[in-house]
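Encoded as structure tokens, the structure appears first; notes follow it.
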Amino acid sequence: MTSTSPPGDRGAGSTASADPDHDDDAVSTDTAHRPIAATALLFAANGAIFGAIVPRLPDLKDALELSPALFGLAMACYPAGALFGGLLTPVLMRRRSDGAVAVGTMIAASVVAALVGFSPVVAVFAGLLLLFGVCDAITDVSMNAHGIRVQLRHGRSLINRFHAVWSLGAVLGAAGGSLSAGFGAPVQVQMIGAAIVCAAAAAAAYPLRLGPPVAEDEYGRDLDRVHDTDTASTRHEAASHGAAPSPAQSVDPVVRRRLPGGRALLLLVALGLFACCAEIVEDFAQTWSALYLRDVAAVGAGVAGLGFIAVQGAQLIGRLTGDRLVEGFGAVRVGRMGGICVVLGAGAALNGSFFLDGPAMVAVLLAGFAVAGWGIATIIPGAMVGADSVPGLPDGAGLAVLNWVMRLGFLLAPPLVGQIAEHVGMRWAVAPMVVGGLLIAVLAGPLLGRSAGPDRATTRPDREAAA
């Protein structure tokens, strides 16, 4: 890597020296790591604000006197809003940089999440979840787009680590929520505190982010794609004569922007469904795990949040080690093993709920949730990188389609689990996870094995072709 910033305005700390004797590789390690820090702050804040409210969902359900089925329908408003937010994201990212969009909507999501605790009736609760879904979806797509841009600049896989930071934020947020519930703190006070911390983290990311990319120059060429042949000496030579690099020196050939075609759209939908299978585990953790532990294992409010923490904590470990595992064993093997782990973990929780009781049941349930969480650790990040690597699409379009399909899965999951809990019993709420794990194991080969080699994780095919 000879430069951490492409031509043009790349944001705070991205200016290059015009001195031809300046070593471009030494253009400040600080500058190189500032966008990484910005992305990590956004992922951590996004995970924390979500994790903070999960342990308090049983309190909100009881305060509003909701049945499991009605609670599931209300929770479905969150992914419904996210479906709309996913459609808005490419438009916003064309007007503003992905980093700026992520910061703005993360702050908005924090404010909305704080207001959820003040819901007086179910209609307000559902409406705030709808608005939170809009903000969260835009944040999700834009911060992942920013993270993949950072990854491309560094030439190595970082996306699993960013998602690990999300899991860490979710664990810390859920731990705070569980402690607050255990001490009897009001939901409103806890969520206001969480919102302040998360909004502050997002605001701190703003000056560190990659700056607003100029999407195209006057010739229609994408200025956010840099030739590998654009060497430091070429840029220094231009700088020494007081001239900016020419478009031919600094950008790839014309990339025609278009909507996904038939085959590309089919691939994006398949990747979205693949990610939805992992999403089932995440949705159970954030929507139902606290209720599951409270109703099935009869635990107190301070313990009910441990289900979410078990899933996200295991995800955190899996994502911190995910890049090495994929490089060592291949994405297909890791994906298949992940699907098997989901089946084993969810299956153990299902059987434990029938044949055990007391502390033994709680231990088996938490262990099963943790195994399932580890199993899905690399599935969603892998699907996102795959969607972003589909050639010939505008930046963010592949991620937006994938996110839309995933949000559709989130829309359908809560009512489905709610109906299962209402008519069959809460014990069976983990059954969809077993099905999702089986599908992950089956689909890992066709989807994660589309392209051999490590390049897939760090470079897009259309960029490779132009290099």
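For the reader, a short list of remarks on this structure follows.
- On the basis of the beta-carbon distance and an R0 of 35 Å, His423 and Val269 show a calculated FRET efficiency of 0.70.
- Dividing the Cα radius of gyration of region 354-403 by its Kirkwood radius returns 1.36 for Rg/Rh.
- At q = 0.11 Å⁻¹ the log10 of I(q)/I(0) for region 252-405 amounts to -0.51, computed by Debye summation with a single uniform scatterer per C-alpha, solvent ignored.
- The 3J(HN,Hα) values that the Karplus relation (6.51, -1.76, 1.60; θ = phi - 60°) gives for region 363-373 are, in residue order, 5, 5, 4, 5, 5, x, 4, 5, 4, 5, x Hz. Gly and Pro appear as x.
- Couplings for region 274-291, taken from phi via the Karplus curve 6.51 cos²θ - 1.76 cosθ + 1.60 with θ = phi - 60°, read 4, 5, 4, 5, 6, 4, 4, 5, 5, 5, 4, 4, 7, 9, 10, 4, 5, 5 Hz in order; Gly and Pro are left as x.
- The label point for Arg324 and the one for Gln188, both projected 7 Å from the Cα toward the Cβ, are 4.8 nm apart.
- Difference of contour (0.36 nm per residue) and Cα-Cα distance, Arg333 to His33: 104.8 nm
- Karplus-based coupling profile of region 56-64, in residue order and whole Hz: 9, 4, x, 5, 5, 4, 5, 4, 8, with θ = phi - 60° in 6.51 cos²θ - 1.76 cosθ + 1.60 and x standing for Gly or Pro.
- Shape of region 293-347, Cα gyration tensor, a/c cut at 1.5: oblate
- The listed residues Glu65, Glu327, once ranked by accessible area (1.4 Å probe) with the largest placed first, stand as Glu65, Glu327.
The values are calculated or read from the model by the stated rules, or taken from the named source; none is laboratory data. Only a predicted model underlies this, so the values are computations on that prediction, with no experimental measurement involved. All Cβ positions, glycine included, derive from the backbone under ideal geometry; neighbour counts span all protein chains shown. Just so you know, the surface numbers come from the protein's heavy atoms only, side chains and all, with ligands and any DNA or RNA stripped out. Shrake-Rupley method; radii C 1.70, N 1.55, O 1.52, S 1.80 Å.
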